[in-house]
1. Among the residues of region B:15-28, how many are under 15 Å from A:GLY34 (Cα atoms) and more than 7 Å from every other protein chain (Cβ to nearest Cβ)?
2. Of the conditions (1) more than 9 Å from every other protein chain (Cβ to nearest Cβ); (2) crowded, with 19+ Cβ neighbours inside 10 Å, A:VAL35 satisfies every one except a single condition; which number is it?
3. Can you confirm whether B:ALA97 is more than 14 Å from chain A (Cβ to nearest Cβ), part of a helix (DSSP H, G or I), modelled with pLDDT of 65 or more and more than 30 Å from A:ALA174 (Cα to Cα)?
4. Which residue, of B:MET23, B:MET56, B:MET1, B:MET91, is in a loop (DSSP other than H, G, I, E, B) and modelled with pLDDT of 85 or more?
5. Looking at B:VAL112, B:VAL172 in this structure, which one is at pLDDT below 85 and surrounded by 14 or more Cβ atoms within 10 Å (Cβ to Cβ)?
6. In this structure, does A:SER161 turn out to be within 30 Å of A:LYS59 (Cα to Cα), over 15 Å from the mean Cα position of the chain (by Cα), within 14 Å of chain B (Cβ to nearest Cβ) and at pLDDT 80 or above?
7. What tally of residues in region B:127-153 results from selecting those that are under 50 Å from the mean Cα position of the chain (by Cα), surrounded by 15 or more Cβ atoms within 10 Å (Cβ to Cβ) and not in a strand (DSSP E or B)?
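The values are calculated or read from the model by the stated rules, or taken from the named source; none is laboratory data. All values reported here derive from a predicted model rather than from experimental measurement. When we count neighbours, we look across all protein chains shown, and the Cβ atoms used for this are built from the backbone with ideal geometry, even at glycine.
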Amino acid sequence: MTKTELLTDEQLMLNYGKGDAAAFEQLYQKHKGGVYRYFLRHCSRADVAEELHHDIWMKLINARESYQPTAKFTTWLYTLAHNHLVNYYRKNSKAQTLDFDDIVEPEDELPDLSEQLTHSRQADELISQVELLPAQQKEVFLLRHEAGFSLEEIANLTKSSFEATKSRLRYAMAKLKQGVSYEP
Amino acid sequence: MSHKSPLNDDAISKAYQQQSNDMPSSALDDKILAASRRAVAAKPTSIAPKRSWRNMPFLPAIAASFFVAAVFVAQQEEPEHIIPQAEVAPMSISAPALMKSAAPEMMAEADVTEPLQFQGKIEQRDQQWWLITSEQDVLIESPPRNIADFEHQQALVQGHAGTSEGEVISIVIQEIKLN
């Protein structure tokens, strides 16, 4: 085990800012999957997800010297990702889908069956269900399960209230349970 | 026949994490990692902690001390405050020489030298006493009380002469006697 393997994400990023390319590679290998899937589940398109994924890591590279570990590295990383996704949707006239205000969502917001079937042909049933969640619920679900954030951290990251964040996750889980079942 | 049962939250989470294993393409990985290496290769910096004012709070204090010391030294070295050691040493130079050194502009018109002897005729003109020598007329400054005794007579005078541009123009008599 090398010395750098013991370092925190924050220290790795600081070291990269000082010129240690190996530190960046460690960070990238550790977080690339989560970041990529975060974009992929939102966009449901690999080419778009790759473009957004590339953009975020380039932002991180460019910010290497100004990085200050005032928060967890992953909070910074996914804040960048979240904001980039919001901008992406705005540019593509889908601003309303990632408008993270605290509007209470209706319970019966399940995707229609034809859409569900189309996605199910391309991916596993659960993955498809996640991709078809409303954007706000999907955001909370992905930050919870891909990045491992707590509800409080997600609320801070998305600038939402704790209660709204908690509700979104509950709605998301309820819809996934409805859409996915297993055969014993 | 399939029996569908609802899943709990933990089962959903576990199932998602098992199935969600998509990764970016290796080509994209290579592209990003190459960019990361290029970025630091283009501008290599030290791994050692970057020194900054925040990390060294004592440096401004040291800089301020140097500044104060420099100002103090500069003030001490200003020309008008310099007093040459030779001129303050007691008995190292005569009083006239000291006066000439301290105020040369004042001494230009009336230089003071060592006592000299002059020979000439004592005359009074316009309430002033003069020593008329063969070369010039010399003003007698602060004439002695008995100067009138020597009027119109040849006298031998000893005293400090005042000069201007090398010529004696006045004298302070120390001793006077008939020649």
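1. Residues that pass the stated criteria total 2.
2. Of the numbered conditions (1) more than 9 Å from every other protein chain (Cβ to nearest Cβ); (2) crowded, with 19+ Cβ neighbours inside 10 Å, the odd one out for A:VAL35 is (1).
3. When the stated conditions are applied, B:ALA97 does not pass them.
4. B:MET23
5. Numbers: B:VAL172 fails: at pLDDT below 85.
Unique residue meeting the criteria: B:VAL112.
6. Judged against the criteria, A:SER161 is not a match.
7. 2
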